[in-house]
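Working notes for the structure below.
The values are calculated or read from the model by the stated rules, or taken from the named source; none is laboratory data. Owing to the predicted nature of the structure, the values given are computational and were not obtained by experimental measurement. Note that each Cβ is placed from the backbone with ideal geometry, even for glycine, and that neighbours are counted across all protein chains shown. Heavy atoms of the whole protein, side chains included, go into the accessibility calculation; ligands, DNA and RNA do not. Shrake-Rupley method; radii C 1.70, N 1.55, O 1.52, S 1.80 Å.
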Amino acid sequence: MPRFYLTTAIDYANGDPHLGHALEKIGADVIARYHRLAGFDVHLLMGMDEHGQKVQQTAAALGVTPLAFADEIATRFQAMWARLNVQYDQFIRTTDTHHKVGVQALIRRIAERNPDDFYERSYRGLYCVGCEAFKQDADIVDGRCLLHPTRTLEEVEERNWFFRLSKYQPFLQALLASNPSYIEPESRRNEILGLLAQGLEDVSASRSRLDWAVPFPLPLSSGERQGTYVWFDALPNYLTATGFPEAGFETRWPADVHIIGKDITRFHAVIWPAMLEAAGLPLPKQVWAHGFVQLGGERFSKSAGVKLDLGEAIDRYGVDAFRYVLLREVPFDADGNFSWERFEERYTSDLANAFGNLASRATAMVEKYCDAIVPAAVQPAAESGDALDITAYHAALDGKHGWLLHDGLSAVARMTARANEYTQATAPWQLAKDAGKRADLEQCLASLIRRLARQAVLLSPFMPDKAEALWTQLGAPGKACEQRFAALDRLDVTGWRVAKGEGLFPRPLPPKP
RNA sequence: GGUCCGGUAGCUUAGUUGGUCAAAGCGCUCGACUCAUAAUCGAAGGAUCGUGGGUUCAAGUCCCACCCGGACCA
């Protein structure tokens with residue numbers, strides 16, 4: 001069975017999961033579920049990034065150990081992924097012993113193979129005593145730290161280990177020239193190409209005053225031991241999760257795709273492949289940078305109070321409706337918008353009116369006209385008009401042309417619309433009045449059930465529970481998630497006993513929040 | 001300040017290499033139907049394609065400048 005290893009960004013243990021996290025995790029889950037239906041041995045990795053001063057400081061402020069704090073945050077994230085029905089195969093935490101061992105092994109391996117790649121250099125920056133951290137320009141306003149505006153920033157110099165990233169510029173340029181799909185979508189690749197054209201700076205790999213970190217395995221010439229700086233700790237999680245450095249990690253590594261947010265493209269497209277090349281390890285096959293979700297047209301932020309309560313969004317119409325609307329509304333290759341208004345519109349038009357009602361009318365007619373037993377279809381290919389949409393669906397999800405999950409949903413929506421048109425045009429309720437048209441009636445109803453069954457399977461990566469619910473209502477054997485795309489063409493619905501149940505996506509709407 | 005991405009009907013978006021390219025879905029209006037979750041089907045209306053220049057016989061589609069939104073870098 002072919003393997004498929006995909007990862008999401010590990011989330012920083014500083015705050016609760018929000019809409020942006022949810023988009024990435026649900027998207028990755030859809031891709032994973034799709035590949036299971038396509039017959040792959042799928043491994044979806046998710047996890048937490050738990051080191052660094054912010055975690056340490058927040059924990060200290062709460063009077064708990066950093067690890068206890070990280071445990072709490074990890075528990076909250078995992079609980080949210082469970083609610084969102086995100087089915088990961090592995091959850092890594094950078095505080096896992098194995099990860100720390102792996103990070104150190106990777107650094108040593110680089111140092112052994114390319115002794116020049118790590119070197120000592122002094123780092124100079126603006127240091128905030130309040131934060132006990134160096135501040136970047138984004139965190140500085142009027143020469144003051146945003147969080148501690150009453151204190152003055154000090155210019156501090158320290159010696160650190162640096163990684164000779166600049167050395168890998170030709171390698172990275174050649175990589176993108178020979179393998180353009182290494183970074184997708186194209187807009188993000190262009191960004192990186194521009195960055196490479198400007199020239200790369202070496203990056204620091206260790207920092208002093210970094211106590212809550214993986215100890216950097218090489219001591220400085222002064223004897224000082226420092227903590228591993230963020231990217232050398234976080235990025236290797238994709239590798240250490242496979243068991244590295246222990247033998248056997250190669251069975252999973254390299255990853256097929258890293259699903260990340262566009263804000264961290266640079267680290268995944270530049271630093272990470274350079275690190276792997278330095279270590280003589282295979283590169284991941286692709287980095288996919290999705291866009292951001294805006295909320296009602298505004299960027300959500302804690303400070304501005306623009307945020308969406310994920311629990312509320314899930315409770316609104318159920319987790320599957322939320323997953324559907326989020327991925328239908330937000331293109332997976334660009335920024336998108338989410339609002340309660342759109343949620344209502346999408347739920348009502350796509351799910352309740354089009355899809356749910358199609359299931360309702362079709363099962364009702366089989367019950368009414370055929371004693372609930374799906375008749376044998378005379379022309380099993382009556383729905384051949386769906387072929388193009390099924391092709392489009394796979395093109396959106398198989399990764400060969402990017403991961404355009406929203407296009408996959410559009411394709412299924414067209415199939416649903418076509419089935420409703422077919423129903424209207426054939427008017428089985430009229431055929432039922434004429435015994436001489438019995439064959440036409442049975443043909444129509446069998447076709448509708450077949451279409452619904454196929455749509456249930458195609459939608460199951462997006463809406464796992466609803467797909468199963470429909471599968472059951474149709475009287476289909478087994479489970480929707482156990483089907484294989486390859487066998488879907490030949491799906492025979494003859495003799496299924498339908499059982500029209502509760503509406504899949506009921507109206508009327510509950511009151512607005 | 002630099003780089004990149006986006007700015008097309010009320011909303012969300014399609015629009016290969018310039019020439020039926022002004023398109024689709026939702027919403028709104030009208031008509032049809034009654035199996036169904038007052039759902040469905042059909043039809044109509046609706047855009048000076050961010051702004052201003054330029055290239056061209058011909059430009060959302062190429063060039064320049066500017067405005068707005070976003071990401072990254074400095």
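Descriptive notes on the structure:
- Probe 1.4 Å - accessible area at A:Glu442, Å² to nearest ten: 50 Å²
- The figure for A:Glu367 is an accessible area of roughly 70 square angstrom, using a 1.4 Å probe on the protein chains alone.
- When only alpha carbons are used to place a centre, region A:58-86 and region A:156-184 end up 33 Å from one another.
- Here the spin labels are modelled as points 7 Å beyond Cα on the Cα-Cβ line, and at A:Arg121 and A:Ser410 they lie 4.5 nm apart.
- Using every pair of distinct Cα positions in region A:194-320, the Kirkwood expression returns a hydrodynamic radius of 18.0 angstrom.
- Dipole magnitude (debye, nearest 20) for region A:3-291, charges at Cβ of Lys, Arg, Asp, Glu: 340 debye
- Estimated 222 nm signal from helices in chain A, with DSSP H stretches of n ≥ 4 weighted -39500 (n - 2.57), rounded to 500: -13000 deg cm²/dmol
- Residue-normalised accessible area of chain A, given per residue in Å² at a 1.4 Å probe: 42 Å²
- Bridging of A:Lys167 to aspartates and glutamates at a Cα separation below 20 Å is possible for A:Glu112, A:Asp116, A:Asp117, A:Glu120, A:Glu191, A:Glu201, A:Asp202, A:Glu277, once same-chain residues fewer than 8 apart are set aside.
- With all protein chains in place and ligands, DNA and RNA left out, the 1.4 Å accessible area ranks A:Thr58, A:Thr228, A:Thr65 as A:Thr65, A:Thr58, A:Thr228, largest first.
- Divide the volume of the convex hull around the Cα atoms of region A:347-488 by the residue count and you get 105 Å³ per residue.
- Multiplying the residue separation of A:Thr472 and A:Arg3 by 0.36 nm and removing their Cα-Cα distance gives an extension gain of 165.9 nm.
- Exposure ranking of A:Tyr422, A:Tyr182, A:Tyr127 by accessible area [1.4 Å probe, largest first]: A:Tyr422, A:Tyr127, A:Tyr182
- Helix runs (DSSP H) in chain A reaching 20 Å along axis by Cα, Kyte-Doolittle at least 0.5: none
- Nonlocal amide H pairs with A:Gln90, under 5 Å, H built at 1.01 Å: A:Leu44, A:Met46
- If both residues of a DSSP beta bridge must be in chain A, then about 50% of such bridges are antiparallel.
- If the chain linking A:Asp89 and A:Phe40 were pulled fully straight, counting 0.36 nm for each residue of separation and taking away their Cα-Cα distance, it would gain 16.3 nm.
- Computed accessible area, A:Glu250, all protein chains, 1.4 angstrom probe, square angstrom: 110 Å²
- Charge context of A:Val374, other residues only, Cβ under 11 angstrom, K/R +1, D/E -1: -2
- Among the protein heavy atoms of chain A, carbon and sulfur supply 51% of the accessible surface, probe 1.4 Å, non-protein parts ignored.
- Under the criterion of Cα pairs below 8 Å and six or more residues apart, the relative contact order for region A:247-298 equals 50 percent.
- For chain A, the relative contact order comes to 15 percent (Cα pairs under 8 Å, sequence separation of at least 6).
- Here the relative contact order of region A:3-291, from alpha carbon pairs under 8 Å that lie six or more residues apart, stands at 22 percent.
- Cross-link partners of A:Lys368 among aspartates and glutamates, defined as those whose alpha carbon lies under 18 angstrom from its own and excluding same-chain residues fewer than eight positions apart: A:Asp434, A:Asp440, A:Glu442, A:Glu502.
- Ranking A:Lys100, A:Lys285, A:Lys437 by solvent-accessible area of protein heavy atoms (1.4 Å probe, all protein chains present), from largest to smallest, gives A:Lys285, A:Lys437, A:Lys100.
- Using R0 = 41 Å, the C-beta based FRET efficiency linking A:Glu186 and A:Ala435 works out to 0.10.
- Counting only DSSP beta bridges whose two residues both lie in region A:3-291, roughly 50 percent are antiparallel.
- Kirkwood Rh, angstrom, chain A [1 / mean 1/r, Cα pairs]: 25.3 Å
- Contour minus Cα-Cα distance for A:Asn353 and A:Thr152 (0.36 nm per residue): 66.3 nm
- Residue pairs, from the table A:Lys25/A:Lys400; A:Lys262/A:Lys479; A:Lys262/A:Lys466, whose Cα atoms sit over 25 Å apart: A:Lys262/A:Lys479; A:Lys262/A:Lys466
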